[in-house]
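Have a look at the structure below, then the notes.
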């Protein structure tokens, strides 16, 4: 169900630790699998037909479905179990991190020094309130709190918790998103040879490292507002022998010159930002991209692309998982967001792709070349999972020539 971390920051786990983590992972798999299917069946068999009979139409959107399902005892049960499983995920890893924190901080520093891991932190950077004011994802202390000098605790919590959270659905090193997105671009646009790549909101760099592995000649920089995550990410990447420059920086104020990067990438980042910060980030991305550069974003698909029930299902995190900007972002027109930042509408594209690290290269390539329609499996952990991406070329693909 879950596997040990594959790098030098791995923390020894006892039987109690493993049992708690396996139980939390199994519970999440049960909630997102059989329980979710039961809930969908209740809606399709009862609530949707009853609504259609009463109103002469199906529910318009996810908000309508949410209003219907609030009265359903199974939905309340599902939400309670899912919420508790999320809390259990963190409770299953925090004790072992607390017990080993001093040693872990020292080891991370040692790995960075011995293997030239770059972690540049900024003590004057103000952590934005969308991170500091709430425990994002129900993570105690969110992802920025520091407990010691050169602390990496928040990074360790993220790494170990996502290992439990994903129950082996996001790749051996929780890096399948990065591999899928970078290799999609490599295959879809073979002429494109980026020299500088920026990953924004990188957390522990699990999706930054694959960009360097896909484009080994490129200089890869990754930024995040969390100093503990940056320190941890640098040691983690160095442990893998991958050269990525990690910097503490707010992506709404990117401290690089105009026309500097060939790719500006982010993964599951925009839905953590208020709309004003999303717009600020996209404008900054446009500014620092070279002509012909690529803005690429991995996210969940917009609500406009999905049926009402699927909107409701994916919006659960906004209501119950301390992600208040989740639904407001997904209610946006992604093409319009890019256009207001300076990316011309005709240069916008979006896609879904299967998990790169779960299939042979030839099979992945064939799917990329054929394309795929939208699926309710987009972003939903489990069998048939697809990742959704969207982006735009600054002044058009090939304008670097």
Query raised in the report: So, in nm, how far is label residue 351 from label residue 116 when the simple model puts each one 7 Å beyond its Cα toward the Cβ?
Result: 3.3 nm
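I'd like to compare 173-182, 120-129: which one has the highest average count of other Cβ atoms within 10 Å, and what's the full order after that?
Output ranking for 173-182, 120-129: 173-182, 120-129.
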Query raised in the report: Stokes-Einstein D for the chain at 25 °C, 0.890 mPa s, Kirkwood Rh over Cα pairs, in µm²/s?
Result: 113 µm²/s
**Report entry** Burial ranking of peptide ranges 293-301, 87-95 (average Cβ count within 10 Å, highest at the top)
**Finding:** 293-301, 87-95
Requested in this report: Give, as ranges by residue number, the residues of segment 82-100 whose backbone N falls under 12 Å from the point 7 Å along Cα→Cβ of residue 16.
Outcome: 95-96, 99
**Report entry** Cα centroid separation - segment 25-76 against segment 132-209, whole Å
**Finding:** 31 Å
Requested in this report: Kindly provide the helix-only [θ] at 222 nm of the chain, computed as the sum of -39,500 (n - 2.57) over DSSP H runs of four or more divided by all residues, to the nearest 500 deg cm²/dmol?
Outcome: -13000 deg cm²/dmol
Query raised in the report: So what's Rg/Rh here for segment 226-356, counting alpha carbon atoms and using the Kirkwood radius for Rh?
Result: 0.98
Report task. May I ask you to compute the full-extension gain from residue 217 to residue 275, defined as 0.36 nm times their residue separation minus their alpha-carbon distance, rounded to one decimal in nm? Result -> 17.4 nm
Query - Exposure proxy ranking, count of Cβ atoms within 10 Å, fewest first, for 206, 66, 7 - result: 7, 66, 206
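For residue 40 and residue 191, compute 0.36 nm times the residue count separating them, minus their Cα-Cα distance, and round to one decimal in nm.
Numbers: separation 151, 0.36 × 151 = 54.36 nm, distance 4.36 nm.
Answer, rounded to one decimal: 50.0 nm.
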Query raised in the report: If you take the alpha carbon radius of gyration of segment 206-281 and divide it by 2.2 N^0.38 Å, what ratio comes out, to two decimals?
Result: 1.13
Query raised in the report: Stretch residue 259-residue 321 to full length: gain in nm at 0.36 nm per residue minus the Cα-Cα span?
Result: 18.6 nm
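Taken together, the values in this text are just the output of simple stated rules run on the coordinates, not laboratory data. Bear in mind the structure is a predicted one, so any value in this text is a computation, not a measurement. Reconstructed Cβ throughout: ideal geometry from the backbone, glycine too, with neighbour counts over all protein chains shown.
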